[in-house]
Amino acid sequence: MVALEFLIENKNTVCFTLLVALVLSLYLLVYLFSHTPRPPYPEELKYTAIDENGLKITRALPNLGEHQDDEDEEIFLSVIIPSYNETGRILLMLTDAINFLKAKYGSKWEIVIVDDGSTDNTTEYCLKICKETFKLDYRQFRIIKFSQNRGKGGAVRQGFLHIRGKYGLFADADGASKFSDVEKLIETIKTFETSGIDVKTIKPAVVIGSRAHMVNTEAVIKRSMIRNCLMYGFHTLVFIFGIRSIKDTQCGFKLFNKPAILNIFPYLHTEGWIFDVEILILAIRKRIQIKEIPISWHEVDGSKMALAIDSIKMAKDLVVIRMAYLLGIYRDDKKS
Ligand SMILES: Nc1nc2c(ncn2[C@@H]2O[C@H](COP(=O)(O)OP(=O)(O)OP(=O)(O)O)[C@@H](O)[C@H]2O)c(=O)[nH]1
Ligand SMILES: *[C@@H]1O[C@H](CO)[C@@H](O)[C@H](O)[C@H]1NC(C)=O
Ligand SMILES: *[C@@H]1O[C@H](CO)[C@@H](O)[C@H](O)[C@H]1NC(C)=O
Ligand SMILES: [Mg+2]
């Protein structure tokens, strides 16, 4: 009886207390689910490659934005390939990419494979084909090997932080996109990274491949019904919690210029599949220009996604990213 009277008399105080408790528990919950990237182990700050004499070498990775040799300054495009158990699929992708790169850019390119703790000898296999099939050395072909799996986002982030190129592209190891489409992305990024008056002021810019034009084509309809249902569910969730201005956030074919890389990748928190969305959220928050370009895409078997578990994780991570930025747990001005 006394308690009830107390409640009625102090209605405002009670409401206020409840509200504070609610916000606090929400904060705590998001905080608990938020994620900080695992710092690299010392051996993950080195790359493995083949030297001029065909011998295997291991050297320290260059750091993005630090002084580089003249030779490194020459690199125009760096291609990062996150790879997890990719022995079976990567040869086709690499053949496609290397043929194009040689023809188009001579030797002003590099490929950085990030082996995310594979258990099928992906690194050894890549070194072997690099030497025997492609005859490339450390100037064009490098491998970063993780001792422990981090997830696609963690691998892409680590790759981007240690490239030499003016532009950085990440591309899936399964070769689902036609590699030569990178030309379209580069042409586009060039048109809107300069301010128009002074060519030296390069603005950060991001151009992403898009499969949005394919939603009603065979490639998508042929996919299993479960995958398509999940895709629509995911799109809806991204629309609510993520990004409305971009149709296809998940395409594994995205190009960044150096200012954009420096403004995005050091700040990325997410290491899982949903990292694409955080990249785009960061870009939008920092008013970096983003452009979507339709690219050719075909479905490749052997997906590394565990549909059920990964879908749930992606949905959870998406909500966490949005709430964490909202509550100030993730910051876009503090390196993660
Ligand atoms: N670093 C890293 N890369 C991964 C992991 N799992 C998959 N990948 C890479 O991510 C890329 C895409 O993986 P896929 O298995 O092709 O994904 P998918 O299910 O086909 O997804 P979509 O191509 O977007 O439809 C490939 O290059 C994989 O090697 C992982 O745990 N860590
Ligand atoms: C990678 O390969 C190992 C065995 O070599 C297997 O246990 C693991 O499940 C594979 N991972 C994926 C995602 O395919
Ligand atoms: C990887 O290489 C090691 C040593 O060369 C070998 O013993 C092992 O069987 C290989 N594993 C696979 C999955 O091929
Ligand atoms: Mg794929």
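The values are calculated or read from the model by the stated rules, or taken from the named source; none is laboratory data. Note that this is a predicted model, so its numbers are computed, not measured. Cβ placement follows ideal geometry from the backbone for every residue including glycine, while neighbour counts extend to all protein chains displayed.
For SER78, the conditions (1) under 21 Å from the mean Cα position of the chain (by Cα); (2) small (Gly, Ala, Ser); (3) within 16 Å of ligand 3 (Cβ to nearest atom) are fulfilled apart from (3).
Looking only at the range 1-58, residues that are loosely packed, with under 10 Cβ neighbours inside 10 Å and in contact (Cβ under 8 Å) with a residue 40 or more places away in the chain come to 2 in all.
Residues of the range 101-116 that are within 16 Å of ligand 1 (Cβ to nearest atom) and surrounded by fewer than 18 Cβ atoms within 10 Å (Cβ to Cβ): none at all. Determine, yes or no, whether LYS190 is on the phi > 0 side of the Ramachandran plot and either away from ligand 4 (no atom under 16 Å from the Cβ) or surrounded by fewer than 16 Cβ atoms within 10 Å (Cβ to Cβ) (or both). For LYS190, the condition - on the phi > 0 side of the Ramachandran plot and either away from ligand 4 (no atom under 16 Å from the Cβ) or surrounded by fewer than 16 Cβ atoms within 10 Å (Cβ to Cβ) (or both) - is not met.
To keep it simple, each residue is scored yes or no on (1) in a helix (DSSP H, G or I); (2) modelled with pLDDT of 95 or more; (3) not aromatic (Phe, Trp, Tyr).
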| position | (1), (2), (3) |
| --- | --- |
| HIS67 | no, no, yes |
| ILE80 | no, yes, yes |
| THR87 | no, yes, yes |
| LEU94 | yes, yes, yes |
| ASN99 | yes, yes, yes |
| LYS104 | yes, yes, yes |
| VAL112 | no, yes, yes |
| THR123 | yes, yes, yes |
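When every residue of the range 84-103 is checked against the conditions, at least one turns out to be touching a residue at least 60 places away in the same chain (Cβ under 8 Å), within 21 Å of PHE265 (Cβ to Cβ), in the same structural domain as LEU262 (by the TED database) and out of contact with any Phe, Trp or Tyr (no Cβ under 6 Å at 6 or more places or on another chain). Restricting the range 112-143 to residues that are basic (Lys, Arg) and without any contact (Cβ under 8 Å) to a residue 40 or more places away in the chain, the residue that is farthest from ligand 4 (Cβ to nearest atom) is LYS135.
In the range 76-100, of all residues being among the hydroxyl-bearing types (Ser, Thr, Tyr) and within 14 Å of ligand 2 (Cβ to nearest atom), the one that is surrounded by the fewest Cβ atoms within 10 Å (Cβ to Cβ) corresponds to THR87.
The conditions of being assigned by the TED database to the domain that holds PHE265 and either exposed (fewer than 15 other Cβ atoms within 10 Å of the Cβ) or basic (Lys, Arg) (or both) are met by GLU66.
Considering only the range 136-255, give the helices (runs of 4 or more DSSP H) lying wholly within it that have at least 2 residues that are at pLDDT 90 or above.
It comes to 152-160, 182-193.
Selection of the range 289-332 for residues being acidic (Asp, Glu) and touching a residue at least 24 places away in the same chain (Cβ under 8 Å) yields GLU292, GLU299, ASP310, ASP317, ASP332.
Of note, LYS178 does not satisfy the criterion of being surrounded by fewer than 17 Cβ atoms within 10 Å (Cβ to Cβ), touching a residue at least 24 places away in the same chain (Cβ under 8 Å) and more than 19 Å from ARG89 (Cα to Cα). I'd like to know if the range 93-111 contains one or more residues that are of a type in the set (A, V, I, L, M), under 21 Å from the mean Cα position of the chain (by Cα) and within 16 Å of ligand 3 (Cβ to nearest atom). The answer is no; no qualifying residue exists. If I ask for residues that are in a helix (DSSP H, G or I) and not basic (Lys, Arg), which ones from the range 314-336 would you list? Those that are in a helix (DSSP H, G or I) and not basic (Lys, Arg): MET314, ALA315, ASP317, LEU318, VAL319, VAL320, ILE321, MET323, ALA324, TYR325, LEU326.
Condition check ((1) more than 15 Å from the chain's Cα centre (by Cα); (2) closer than 24 Å to ILE202 by Cβ; (3) within 16 Å of ligand 4 (Cβ to nearest atom); (4) surrounded by 15 or more Cβ atoms within 10 Å (Cβ to Cβ)) across all residues:
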{"site": "ILE261", "(1), (2), (3), (4)": "no, yes, no, yes"}
{"site": "ILE264", "(1), (2), (3), (4)": "no, yes, no, yes"}
{"site": "LEU268", "(1), (2), (3), (4)": "no, yes, no, yes"}
{"site": "PRO294", "(1), (2), (3), (4)": "yes, no, no, yes"}
{"site": "ILE312", "(1), (2), (3), (4)": "yes, no, no, no"}
